[in-house]
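Engineer: Once you've had a glance at the structure underneath, I'll fire off some questions.
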Amino acid sequence: MSDWNRLSQQLLRDCQSAGLSHLPRVAPLVLDSDSRPKPPPSVSTPKSQESMPKKKAAPTPVLQPQPKFEPTGNREQDLEKLAACVADCIRCPELAKTRTQTVFGVGDPQTKVMFLGEAPGADEDKQGEPFVGRAGQLLNKIIAACGWTREELYICNILRCRPPGNRTPNETEAANCREYLDGQIAVVDPEYIVCWGSCAAQNLLATKEPIGRMRQRFFQYGNAKVLCTYHPSYLLRNPAAKKPVWEDMKFLLSDMGLTPPSES
Ligand code: SF4
């Protein structure tokens, strides 16, 4: 008996003693005319194991806002109507139960620049206005350094209600509130949107890319160029991040054809 036969019989005895009554039939490998082995047709090979031809990176797709609300052209009135819908909203039961009030958004409906944050915190929930706590005060300083005032911009958040304990908005809440955000974007129709922090950037642009890799370039959302940078509350914890944020602001101003007052 050849070594191969002895081995096969030993293997069969081992399988039987382990309780196996039969062995599955394995489809044979199919050899091409070039003699390279391929897997049997019933077996799908994961993409990662295939040798894929290298493709050029696809350009970033332009996402479009999906407002269910049709702007009439009267921006003030349209925003008032939207804010009234938001004030009664109970789509996120936990937030609707725990909020003091909804925080819709503030600023100039005719502005070129919209600022987008994450969600109201305790101060915002109390006062009904976005970015009014410590992070908001730092944001005001950044706005002033750019040569603007808060009133000249439009400021809102991914969510219009405070998540309890200031936790990060979950996907369902962000999706629930998206109609209102897209409504505000459609009405204000800004030329630029600045996303403050990863929650705003990743939600608006439907990506998981880290915020550090989204800086210093423009994305497109509908008609607006989108710039992403760190959240002011992150700057409070990491003052070293103020420098990159200022670089991002200068990047924005330069694209707008503006110079910060301190450098003019
Ligand atoms: S966060 Fe937005 S969708 Fe959720 S309850 Fe508040 S207003 Fe409604």
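The values are calculated or read from the model by the stated rules, or taken from the named source; none is laboratory data. Remember, it's a predicted structure, so these values are computed and weren't measured experimentally. Positions of Cβ are backbone-derived with ideal geometry, glycine not excepted, and every protein chain shown enters the neighbour counts.
Engineer: Of the residues in region 175-193, how many are surrounded by fewer than 21 Cβ atoms within 10 Å (Cβ to Cβ), closer than 27 Å to Gln110 by Cβ and within 15 Å of the ligand (Cβ to nearest atom)?
Structural biologist: 3
Engineer: Suppose we keep only residues that are assigned to a helix (DSSP H, G or I) and in contact (Cβ under 8 Å) with a residue 12 or more places away in the chain within region 251-262. Which one would you say is surrounded by the fewest Cβ atoms within 10 Å (Cβ to Cβ)? Full working, then the answer.
Structural biologist: So in region 251-262, the residues assigned to a helix (DSSP H, G or I) come out as 251-255, 261-262.
Going one step further and asking which of them are in contact (Cβ under 8 Å) with a residue 12 or more places away in the chain, we end up with 251-253, 255, 261-262.
Details: Phe251: 16, Leu252: 18, Leu253: 17, Asp255: 13, Pro261: 11, Ser262: 9.
Checked region 251-262; the qualifying residue surrounded by the fewest Cβ atoms within 10 Å (Cβ to Cβ) is Ser262.
Engineer: Within region 205-233, track down each residue that is touching an Asp or Glu at 6+ places or on another chain (Cβ under 9 Å) and among the aromatic types (Phe, Trp, Tyr).
Structural biologist: Keep residues of region 205-233 that are touching an Asp or Glu at 6+ places or on another chain (Cβ under 9 Å), which gives 215-216, 218, 222-225, 227-231, 233.
Once the filter is applied, which keeps residues that are touching an Asp or Glu at 6+ places or on another chain (Cβ under 9 Å) and among the aromatic types (Phe, Trp, Tyr), region 205-233 yields Phe218, Tyr230.
Engineer: Assess whether Ala201 counts as being closer than 22 Å to Gly136 by Cα and surrounded by fewer than 16 Cβ atoms within 10 Å (Cβ to Cβ). Give the steps one after another, and end with the answer.
Structural biologist: Numbers: closer than 22 Å to Gly136 by Cα: yes; surrounded by fewer than 16 Cβ atoms within 10 Å (Cβ to Cβ): no.
Considered against the rule, which asks whether it is closer than 22 Å to Gly136 by Cα and surrounded by fewer than 16 Cβ atoms within 10 Å (Cβ to Cβ), Ala201 comes out as no.
Engineer: Among the candidates Val113, Val103, which residue alone is buried (at least 22 other Cβ atoms within 10 Å of the Cβ), within 11 Å of the ligand (Cβ to nearest atom), touching a residue at least 40 places away in the same chain (Cβ under 8 Å) and within 23 Å of the chain's Cα centre (by Cα)?
Structural biologist: Details: Val113 fails: within 11 Å of the ligand (Cβ to nearest atom).
Testing whether each residue is buried (at least 22 other Cβ atoms within 10 Å of the Cβ), within 11 Å of the ligand (Cβ to nearest atom), touching a residue at least 40 places away in the same chain (Cβ under 8 Å) and within 23 Å of the chain's Cα centre (by Cα) leaves just Val103.
Engineer: Looking for something buried (at least 24 other Cβ atoms within 10 Å of the Cβ), modelled with pLDDT of 95 or more and under 15 Å from Phe115 (Cα atoms) - is there at least one such residue anywhere in region 205-220? Walk me through it before giving the result.
Structural biologist: So in region 205-220, the residues buried (at least 24 other Cβ atoms within 10 Å of the Cβ) come out as none.
There is no residue in region 205-220 that is buried (at least 24 other Cβ atoms within 10 Å of the Cβ), modelled with pLDDT of 95 or more and under 15 Å from Phe115 (Cα atoms).
Engineer: Tally time: how many residues in region 143-170 are charged (D, E, K, R) and within 12 Å of the ligand (Cβ to nearest atom)? Before you say what the answer is, go through the steps one by one.
Structural biologist: Of all residues in region 143-170, those charged (D, E, K, R) come to 150-152, 160, 162, 167.
In the following step, the residues that additionally are within 12 Å of the ligand (Cβ to nearest atom) were identified as 160, 162.
Looking only at that region, the number is 2.
Engineer: Let me ask something additional. Within 18 Å of the chain's Cα centre (by Cα), among the aromatic types (Phe, Trp, Tyr), outside any helix (DSSP H, G or I) and at pLDDT 95 or above - does that describe any residue in region 141-163?
Structural biologist: Scanning region 141-163, I find no residue that is within 18 Å of the chain's Cα centre (by Cα), among the aromatic types (Phe, Trp, Tyr), outside any helix (DSSP H, G or I) and at pLDDT 95 or above, so the answer is no.
Engineer: List every residue pair whose Cβ atoms lie under 7 Å apart, where the two residues are 6 or more positions apart in sequence or sit on different chains, the first residue falls within region 78-92 and is closer than 12 Å to Arg160 by Cα, and the second residue, located anywhere, is part of a helix (DSSP H, G or I) and among the charged types (D, E, K, R).
Structural biologist: Close Cβ pairs satisfying both conditions: Cys92/Glu173.
Engineer: Consider Gly222 carefully, then state whether it is among the small types (Gly, Ala, Ser), within 21 Å of Leu159 (Cβ to Cβ) and out of contact with any strand residue (DSSP E or B) (no Cβ under 7 Å at 6 or more places or on another chain). Don't jump to the end; show me each part of the working.
Structural biologist: Values: among the small types (Gly, Ala, Ser): yes; within 21 Å of Leu159 (Cβ to Cβ): yes; out of contact with any strand residue (DSSP E or B) (no Cβ under 7 Å at 6 or more places or on another chain): yes.
Yes; evaluated as a whole, the condition is true for this residue.
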